[in-house]
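The values are calculated or read from the model by the stated rules, or taken from the named source; none is laboratory data. These numbers come from a predicted model, not from an experiment. Don't worry about glycine lacking a Cβ; one is built from the backbone with ideal geometry, like all the others, and counts go over all protein chains shown.
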Amino acid sequence: MDGELTVELDKVLYVTGNRGPYQIKQSIICLLACYTIAIPILSIVFIGYVPKHRCASLPNVTFLEDFGINPDHVVDVNIGQCSLGITTNVSGNASHVELPCVNGFHYDVARETSIVSEWDLVCDRAGLAELSQTMLMLGQCIGGCAFTSLADRYGRKPINVACQLTMIVASIGLAFINNIGGFTALRFIIGAAQEGLGLTAYSIFVEMCTTNIRPMAGCSGGLAWTSSVILLAPLAYVMQYYSWRYFQLATVAEHIYGLATYWIFDESLRWLVANNRIDRAEATIKKICKANKTDFEKAKAVLYEQILECKRAATKRKQHLELVPTTAKDEQANLLEKYSNPPAGETVLSGMAEPEKYTILDILKHRDILKITIALSFIWAVNSLTYYGIFLTSSSMSGNRFLNYFLYALVEIPSMICVFFSLKRIGRRTLGVLLHALSGSTLIIAVTLLATIGTTSAGSIGSVVFSLVGKFAITASYNCLFVFTPELFPTNMRNAGIGLLSAVSRIGGILSPFSATLSQVVIWGPGVVFGSCCVLASMLFFLLPETRGRELPTTIAEMREWSQQKRKVSESKQKGQVSEICLEKIKQ
């Protein structure tokens, strides 16, 4: 990849002030996207709540004439959950007939409490509410692939704004829909839009951060997600006696900031530079310096210094560029004078090749990136399956459904703290191995207790405790992945890579609602599946390179350099072992 643009932007960001008011404002906008994503996904726990129900009583026995039953012969009507048991007696011969709930259903809550009770999504229509969740996840698959590739090609901001507006319109429309078909279609649209919105916002967030504060960015995103998940519980509790439509409109209030996104949100500086949009990059740097009250001329000089190094390296046809960290003040002044006003029709990067545009298909063309993507695909799918499989069944547990949901959400806070303090000390790959191994082992222990001594008090408590530890670990691993994954893809492939992995992870999300069905057949089934998959995922982390302390890769050439370095280290170790063996033989 000769001539590709590789600018060490961390140097520019340090000069502009990498933790100033500008970064705080942009970070808040990015983190608000977590609320926009989490609430639509998990609101189905409450608006799709399945209340206790039974067939509605018949207005009178003459009502049965329409079904060929003589009301004079009816001796008993047994009202069941999904059927009416009609017992008749004709000349001493008793017979029993099962009829569906011909007069509708009776619920222990108001009919408008959830979509299930309002549209009678029970018995033979059971599962349609879960289907709407499946379609949302399917929308996320498509949105993750489509919108992120578009964001790599046309920029993060325009896709972010478009998805934000789509989310607002579809979410409001959801509160006024009158049938499950339209509800499901809108959930699909919301799923696609929220994936484009969330991933572009996260890409901007990560690309705005320098290497030393990138772990903090990942943990901040995790805390924003967790707080949105937690806040959903008290909101649902307060709105429990109102229609689900009012609850839906209440959740849309969080989207209002999106109407101003176009004017207050900025394009990723890394994307601008990687795509030769130097004029816009310079304008963004000027805006950052103004907000942070730093020296724009110095920052501009550092930017041109990096560009000049790129141009020199491109001339020498180097694939990996080592950039000079600083220059003398007089050199910076000369650079400014030389490049601040280039001749008409000539850009600073004249003579350099245009940066390549990548799509998801390009992942298949490069062995090193393909290997990373395959390993990450399984890890992401396992995380999604386990996380949502544990979460979405919270309302079906014994006890208060709001409290159950709240406790599962609350356990995510210590997991965020764990990731924050561990990433720098342990490293991304090692932490991923430990967390998945912990989640897998504790979930297997939990189901073992449940299957053996689960009927006892100690068995029930132990199972719950180990399940909470498993939930803690899988949540922490999810946040570790959100820091680790963007560091494994070059700039113009980063959004496409994250989008592909996010889409693959939705396979786990699509399957997760069926964990409750599996538990009804085999009570320990879901735990065994979750636990064994987590253990396997922990092993796949060893196929990934460690990224702690590295600059975000800009080109595929850098990714190849990583792999070459890893192979050289491995070969050196092997040669050292062989040398030691030879020396031992000589001594003998």
Of the listed residues (PRO40, PRO51, PRO21, PRO71), the one being over 29 Å from SER91 (Cα atoms) and exposed (fewer than 15 other Cβ atoms within 10 Å of the Cβ) is PRO21
Sole miss for ARG277 among (1) within 30 Å of the chain's Cα centre (by Cα); (2) at pLDDT 85 or above is condition (2)
The correct count of residues that are free of Cβ contacts under 8 Å to residues at least 40 places away in the same chain and within 30 Å of ALA281 (Cβ to Cβ) in segment 9-68 is 2
Turns out the strands (runs of 3 or more DSSP E) fully within segment 14-107 with at least 2 residues that are in contact with a helix residue (DSSP H, G or I) (Cβ under 9 Å, 6 or more places away or on another chain) and aliphatic (A, V, I, L, M) are 74-79, 84-90, 93-99
When restricted to ILE417, ILE374, ILE379, the only residue modelled with pLDDT of 85 or more, more than 16 Å from the chain's Cα centre (by Cα), part of a helix (DSSP H, G or I) and not hydroxyl-bearing (Ser, Thr, Tyr) is ILE374
Given (1) part of a helix (DSSP H, G or I); (2) under 25 Å from ILE28 (Cβ atoms), ASP266 misses just (1)
When (1) farther than 22 Å from ALA409 by Cα; (2) surrounded by fewer than 23 Cβ atoms within 10 Å (Cβ to Cβ) are applied to ALA224, the one that fails is (1)
The number of residues in segment 451-488 that are surrounded by fewer than 16 Cβ atoms within 10 Å (Cβ to Cβ), of a type in the set (Ser, Thr, Tyr) and in a helix (DSSP H, G or I) is 3
